[in-house]
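The values are calculated or read from the model by the stated rules, or taken from the named source; none is laboratory data. Computed from a predicted structure; not experimentally measured. Virtual Cβ from ideal backbone geometry, glycine too; neighbours counted across all protein chains shown. Note: areas computed on protein heavy atoms with side chains; ligands, DNA, RNA excluded. Shrake-Rupley method; radii C 1.70, N 1.55, O 1.52, S 1.80 Å.
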Amino acid sequence: MNQIQAKQILLTLLSRGGDFAEIYLQEDYSARATFDDGKVEDLVYGKEAGIGLRVVEGEKTYFANTNHLDYKSLLSLAKSLASGIGKSKKIKTIPPKTRRLSDKFKRRKLLERCPVKIDPTKIDINRKIALLHSADQAARDYDSRINQVSILYSDNISRITIANSEGIFDKETRVDSVLRVSCVAKDKEQIQSGLAVAAEKRGFELFHKEKPTKLAREAARLAILQLSAEPASAGIFPVVLSSQAGGVMIHEACGHGLEGDFVKRKLSVYAGKIGEKVASELVTVIDDGTLRNKRGSGKMDDEGNPTKRNVLIEKGILKGYLHDQKSAKENGVTPTGNGRRESYRFLPIPRMTNTFIAPGKDKPEEIIKSVKSGIFVKDMGGGQVDIVNGNFVFKVTEGYLIEGGKITKPVRGATLTGNGPEVLKSIDMVGDDLTYFSPGTCGKDNQGAPETSALPTIRIPKIVVGGIVK
């Protein structure tokens, strides 16, 4: 689709009025393989293309998507979509000049945010399957008690074109690569599991950086570790979150509450609190879509707005929210580059990109040393959060006792339960060791979006730890 065709489709969308019209074209090339019980269980590769058309009139949004991409079909769909709008006295025109972020990048000579060295579509499928075999063998060789290994490999190249009635016409190619290894260990009647993931906006070179065998051994290590771990005791303890624990808690218990649509609907505990203290003065929370090769990074969001470094909480003070175009307009602010969608089949909504607590000045070893008796959380899994009141519960996937300022015995079955704003306010030590260790896919409104969460080592002086009551 060229600019002339895009302009005509936009004019057709606005032919009966409307305040805003948009085209979102997506072309995907992907490969996906699953490996279980020593063999390939599923192998899918191919391409898909589709387009989403949107026209907005006041508070109403009209949206349609299709796989029929010939120009006549798109004009017909645009005309049909526009027919839902009552005839307006004033028809919006399209600016004669288009805005391309790529032009800005060239003028500033900026490096590509997510450079790709090895195009995964150029790699033979047999070489990709060989990765799975090597990872499977490495996990099984780690310990004889590893009796099940499941592996997922996927790569995806998505070519996006965005055009709208405000003069944007821009393109971006996004490359995602993922390797996920899950191991199950069994010793007599006891069964435990471990998981390790490598996922970035990179090409096949990711698997040089994150060797599949190394990833498999890590998943196996976690499973074996849980076999010897003691059941966690329930109670209220000081907790140290490792920088390797990822930012799951920040993402879920804080990040979603800072998304503009939830704030507008008063569904967030942070609604109406700009300028107020919502966290410890040691805490600065940032969402940054410009980070190199991270899962949530890119040149632009899914509405063509440039991604940014957004400071949400600065030294404990709430500074702002994350917005797509709709929520920005409703709140009278500028879009923050957080309008994201799973694919052309969906409307954009405000979403996080790469969210983290900024590093502080404390040394991680000093944070651990400061705790006489507590829990050290090295890794966390999923959980649940109520963004209306901020209450959460998260699973600890790798945890240890802290005794006399030292990390000692591993524990299993621990959960962390608390209130997001209260926990943020209570943080009294923040490490200088920010680590991006939690690539994932965030779910919201039945849409998935790639993201990364992170934090430095932090100390929470008091939090409810779920486990066995003694």
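Per-peptide packing, taken as the mean over residues of other Cβ atoms within 10 Å, places 225-232, 445-452 in the sequence 445-452, 225-232 from highest down.
When only DSSP loop residues count, what trypsin sites (Lys or Arg not before Pro) in the range 343-418 have their Cβ near at most 12 other Cβ atoms within 10 Å?
Lys361, Lys372
Could you please report the charge total around Lys128, scoring K, R as +1 and D, E as -1 over all other residues with beta-carbon less than 11 angstrom from its beta-carbon? Spelling it out: positives minus negatives among the neighbours equals 0.
Counting only protein heavy atoms and a probe of 1.4 Å, the accessible surface of the range 351-392 is 49% carbon and sulfur. The slack between Ile129 and Glu41, meaning 0.36 nm per residue of separation minus the straight C-alpha distance, is 30.6 nm. Counting charges near Arg309 (Lys, Arg +1; Asp, Glu -1) among other residues having Cβ under 10 Å from its Cβ returns a value of -1. Stretching the chain fully between Gln384 and Thr66 yields a gain of 111.0 nm (0.36 nm per residue, less the alpha carbon separation). For a paramagnetic label modelled on Val464 (point 7 Å from Cα along Cα→Cβ), amide N atoms under 13 Å away belong, within the range 203-237, to 234-237. Approximating the spin labels as points 7 Å out from Cα along Cα→Cβ, the Asp428-to-Ile191 distance works out to 4.3 nm. Label-to-label distance for Arg32 and Asn331 is 3.3 nm, based on points extended 7 Å past Cα in the beta-carbon direction. Stretching Lys409 away from Ser228 to a fully extended chain increases their span by 64.2 nm, per 0.36 nm per residue minus the current alpha-carbon distance.
Measuring against 30 Å, Cα to Cα, the residue pairs Lys201/Lys444; Lys214/Lys315; Lys39/Lys444 contain Lys214/Lys315; Lys39/Lys444 as the ones spanning a longer distance.
Using a probe of 1.4 angstrom and keeping all protein chains present, the accessible surface of the chain works out to 45 square angstrom per residue. For the range 316-470, the relative contact order works out to 22 percent when only alpha carbon pairs closer than 8 Å and six or more residues apart are counted. The mean sequence separation of alpha-carbon pairs under 8 Å and at least six residues apart, normalised by the residue count of the chain, gives a relative contact order of 16 percent.
Applying the criteria of a DSSP loop state and at most 10 other Cβ atoms within 10 Å to the trypsin sites (Lys or Arg not before Pro) of the range 155-248 yields Lys188.
Under 18 Å of direct C-alpha separation, and excluding same-chain neighbours fewer than eight residues apart, Lys361 reaches these aspartates and glutamates: Glu281, Glu314, Asp428, Asp432, Asp433.
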